[in-house]
Each structure stands twice: as C-alpha cells, then as structure tokens.
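Novice: Have a look at the structure that comes next, please.
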Amino acid sequence: MPRAESQLQDETAVPQRMRRLTYLLFGHLLLALGAIGVVLPVLPTTIFWIGAALFYAKSSPSLYRKLTSHDRLGEPIALFVDHGVMSKPSKLAALMGMCVSGLLIMFSPLSTATTFWALIALAIAGLYVISRPTTAPTQKPRN
C-alpha cells in the first residue's frame, strides 16, 4: 500500500511542478512586458505587473513579495490583487489611455466590424475600471 501512495504522489507532483513552472514563466513574461512599458509609452506597465503578481502568487511567494514591496508600484499592485482597488489617478490614466486608443482605432484603416468590436472591448474595459473601488475596505480615503 505505501508503494501505491508513493506512486500517486509522484503522478500528482509532475503536473503541480509543471503548473508552477508555467505560472512562473507567465509571471516572468508579464514582468518583462511591463518593464518594456516603462520605456515605451504605448505599452502599459502596471497591468502587466499586476498579471505577473497574480502568477507569482501561485508559483513563487518570494517573487510575489518582492514585486508587491516595490517602492513605487508595489502598493498599487498589492491593493489591486488583494482588494480590486484602483486609485483615482490610476483610473484616470487608464481611462485616458483607453480614450486615446479608441481615437487611434477609429482613425485607423481597420474594417468596420473590427473597429466596432475593438471599441466595444474598450468600453467594457472602461466600465470595469470605473467599477473598481478607490479604497480598500480597511483603508481610509485620502482627502
């Protein structure tokens, strides 16, 4: 019987290890995309780092802690991951970026259907951003 339990543990360990490595790989990929976004204004940074934090939370608690303790972006990332919170300046920046993207899409040579669906996706994303709370449940609002 112990041999059967050992074999079962080995069979479940491989998928868990592969899942962890996959999450780690996606975390690294999103972190790299966010880092590129620091120097390229057309690519956002924070949303990629939020995605990286989510993958790191499932694969590497130490990398998650390192990312969420970053001096400048650590707190907003942690607040979003833990409570879905976006500050007012973050919301404004996201919505302004979506408006600029929407204008670029409208004046690009895309088909009407592609333009329509891209604008619908932006509108849904905008509604999601607007729906996010601006303070965590235990956090006092800043005046």
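What follows is calculated from the coordinates using simple rules that are stated; it is not laboratory data. Quick caveat: nothing in here was measured; it's all calculated off a predicted structure. Note that we place each Cβ from the backbone using ideal geometry, even for glycine, and neighbour counts take in every protein chain shown.
Novice: Would you calculate a helix-derived [θ] at 222 nm for the chain, using -39,500 (n - 2.57) for each DSSP H run of n ≥ 4 and dividing by the full residue count, to the nearest 500?
Specialist: Numbers: 6 runs with 109 residues, N = 143.
Per the formula, -26000 deg cm²/dmol.
Novice: On full extension of the chain, what length is gained from residue 123 through residue 92, given 0.36 nm per residue of separation minus the C-alpha to C-alpha distance?
Specialist: Details: separation 31, 0.36 × 31 = 11.16 nm, distance 1.43 nm.
Extra length available between residue 123 and residue 92 comes to 9.7 nm.
Novice: If each residue of separation counts as 0.36 nm, what is the full-extension length gain between residue 130 and residue 110 once their alpha-carbon separation is subtracted?
Specialist: Details: separation 20, 0.36 × 20 = 7.20 nm, distance 2.74 nm.
That works out to 4.5 nm of additional length.
Novice: Stretch residue 24-residue 38 to full length: gain in nm at 0.36 nm per residue minus the Cα-Cα span? Provide the component values of the computation, followed by the final result.
Specialist: On the way: separation 14, 0.36 × 14 = 5.04 nm, distance 2.12 nm.
Extra length available between residue 24 and residue 38 comes to 2.9 nm.
Novice: A follow-up question, please. With N set to the number of residues, divide the alpha-carbon radius of gyration of region 86-143 by 2.2 N^0.38 Å and report two decimals.
Specialist: Values: Rg = 14.7 Å, N = 58, 2.2 N^0.38 = 10.3 Å.
Compared with the compact-globule rule of thumb, region 86-143 sits at 1.43.
Novice: What translational D, rounded to a whole number of µm²/s, comes out for region 70-114 from Stokes-Einstein when the hydrodynamic radius is the Kirkwood one over Cα pairs, at 4 °C and 1.567 mPa s? All intermediate terms of the calculation are to be shown ahead of the outcome.
Specialist: Details: Rh = 12.6 Å.
Approximately 103 µm²/s, per Stokes-Einstein.
Novice: Next question, about the same structure. Regarding region 10-143, what are the three Cα extents along the principal axes, ordered largest first, in Å?
Specialist: 54, 43, 27
Novice: On to the next question. Please give me, ordered by residue number, the chymotrypsin sites (Phe, Trp or Tyr not before Pro) of region 85-143 that lie in loop per DSSP and have at most 15 other Cβ atoms within 10 Å.
Specialist: Values: sites: 107, 116, 117, 128; in loops: 107.
In loop regions of region 85-143 (DSSP not H, G, I, E or B), the sparsely surrounded chymotrypsin sites (Phe, Trp or Tyr not before Pro) are 107.
Novice: Moving on. Tell me which DSSP H helices of the chain clear both cut-offs, 18 Å or more of axial length from alpha-carbon atoms and a mean Kyte-Doolittle hydropathy of at least 0.0. Before the final figure, lay out the partial values.
Specialist: Details: long enough: 2-39 (56 Å, 0.24); 46-59 (19 Å, 1.13); 88-106 (27 Å, 1.26); 112-131 (28 Å, 1.77).
Once both thresholds are applied, what remains is 2-39, 46-59, 88-106, 112-131.
Novice: What's the longest bit of the chain with no exposed trypsin sites (Lys or Arg not before Pro), using DSSP loop states and at most 10 other Cβ atoms within 10 Å as the test? Could the numbers behind the result be given before it?
Specialist: On the way: sites that count: 72, 142.
Here the longest segment lacking exposed loop sites spans 1-71.
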